[in-house]
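Quick notes on the structure that follows.
The values are calculated or read from the model by the stated rules, or taken from the named source; none is laboratory data. Keep in mind that what you see is a predicted model, and the values were worked out from it rather than measured. Ideal geometry is used to build each Cβ from the backbone, glycine not excepted, and the neighbour counts take in all protein chains shown. Keep in mind that these areas ignore ligands, DNA and RNA; they rest on the heavy atoms of the full protein, side chains included. Shrake-Rupley method; radii C 1.70, N 1.55, O 1.52, S 1.80 Å.
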Amino acid sequence: MPFEIPPNIHPNCARLAWLIGTWAGNGHGAYPTIEDFQFGQEILFQQDGRPFIHFMSRSWIIDAEGSVVREAAQETGFIRPQEDGTLEVVMTHNTGFVEIWYGELHPEEPRFEIVTDTVARTATAKEYTGGKRLYGYVNGDLLYAFDMAAMGQPLQSHTHAQLKRQ
């Protein structure tokens with residue numbers, strides 16, 4: 001499904017117009033400290049003409065048939081694109097984390113990569129020390145991958161998904 005550039009989009013956000021909208025689909029997760037899992041996910045990216053994009057994501061664990069087993073992660077935050085193509089991202093999670101990420105837009109392709117600069121967590125949150133994310137617009141779909149360093153493990157693949165515009 002093609003996308004439209006909103007008429008009120010802030011110039012800093014224009015290169016991310018492909019991201020705006022609601023996306024849904026399935027993904028896969030794995031990590032040495034947990035069992036592999038499949039999940040469903042929905043992400044909303046929205047903008048109101050100011051120089052940021054607000055996002056909200058929710059996911060749920062699914063079984064082999066695609067039926068919901070239980071609710072899973074939720075996150076929300078703000079992508080703050082800068083004039084020079086760099087990105088600042090502020091993100092918070094239902095699991096007790098707050099992160100600041102930095103990255104940059106690819107100069108010619110609809111994709112971007114971000115890495116954590118700061119991670120803060122509540123007293124009850126599990127150990128998590130950093131991450132790296134890659135988002136891209138590929139053949140009309142949103143693809144992403146999340147690498148994580150947590151629970152004494154080095155940075156490595158954790159989740160990836162392919163989402164379709166709704």
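Criterion first (touching a residue at least 40 places away in the same chain (Cβ under 8 Å) and out of contact with any Lys or Arg (no Cβ under 8 Å at 6 or more places or on another chain)) does Ala149 satisfy it? Against the criterion (touching a residue at least 40 places away in the same chain (Cβ under 8 Å) and out of contact with any Lys or Arg (no Cβ under 8 Å at 6 or more places or on another chain)), Ala149 does not qualify.
One residue stands out in region 109-166 among those that are of a type in the set (D, E, K, R) and not in a strand (DSSP E or B): the one that is nearest to Ala24 (Cα to Cα), namely Glu109.
Any residue in region 90-102 that is surrounded by fewer than 14 Cβ atoms within 10 Å (Cβ to Cβ), part of a loop (DSSP other than H, G, I, E, B) and touching a residue at least 24 places away in the same chain (Cβ under 8 Å)? No: zero hits. The residues on offer are Asp117, Asp141, and the sole one that is in contact with a Leu (Cβ under 9 Å, 6 or more places away or on another chain) and among the charged types (D, E, K, R) is Asp141.
In region 63-79, the condition of being modelled with pLDDT of 95 or more, crowded, with 16+ Cβ neighbours inside 10 Å and closer than 15 Å to His158 by Cα is met by at least one residue. Elements of the type strands (runs of 3 or more DSSP E) sitting completely within region 1-66 and holding at least 2 residues that are over 19 Å from the mean Cα position of the chain (by Cα) and among the acidic types (Asp, Glu): these cover 34-46. Put simply, of Asp63, Asp48, Asp84 the only residue that is over 20 Å from Asp147 (Cβ atoms), touching a residue at least 40 places away in the same chain (Cβ under 8 Å) and among the acidic types (Asp, Glu) is Asp48.
Looking only at region 66-81, which residues are among the hydrophobic types (A, V, I, L, M, F, W, C) and free of Cβ contacts under 8 Å to residues at least 40 places away in the same chain? Once the filter is applied, which keeps residues that are among the hydrophobic types (A, V, I, L, M, F, W, C) and free of Cβ contacts under 8 Å to residues at least 40 places away in the same chain, region 66-81 yields Val68, Val69, Ala72, Ala73, Phe78. Can you find, within region 26-51, the residue that is farthest from Phe78 (Cα to Cα) among those that are open to solvent by 20 Å² or more (accessible area, probe 1.4 Å) and either in contact with a Pro (Cβ under 8 Å, 6 or more places away or on another chain) or small (Gly, Ala, Ser) (or both)? Once the filter is applied, the top-ranked residue is Ala30. If a residue must be in contact (Cβ under 8 Å) with a residue 60 or more places away in the chain, farther than 27 Å from Gly96 by Cβ and open to solvent by less than 40 Å² (accessible area, probe 1.4 Å), how many such residues does region 131-146 contain? Final tally of qualifying residues: 2.
With respect to being touching a residue at least 60 places away in the same chain (Cβ under 8 Å) and either farther than 24 Å from Pro11 by Cα or open to solvent by 20 Å² or more (accessible area, probe 1.4 Å) (or both), Tyr128 falls outside the description.
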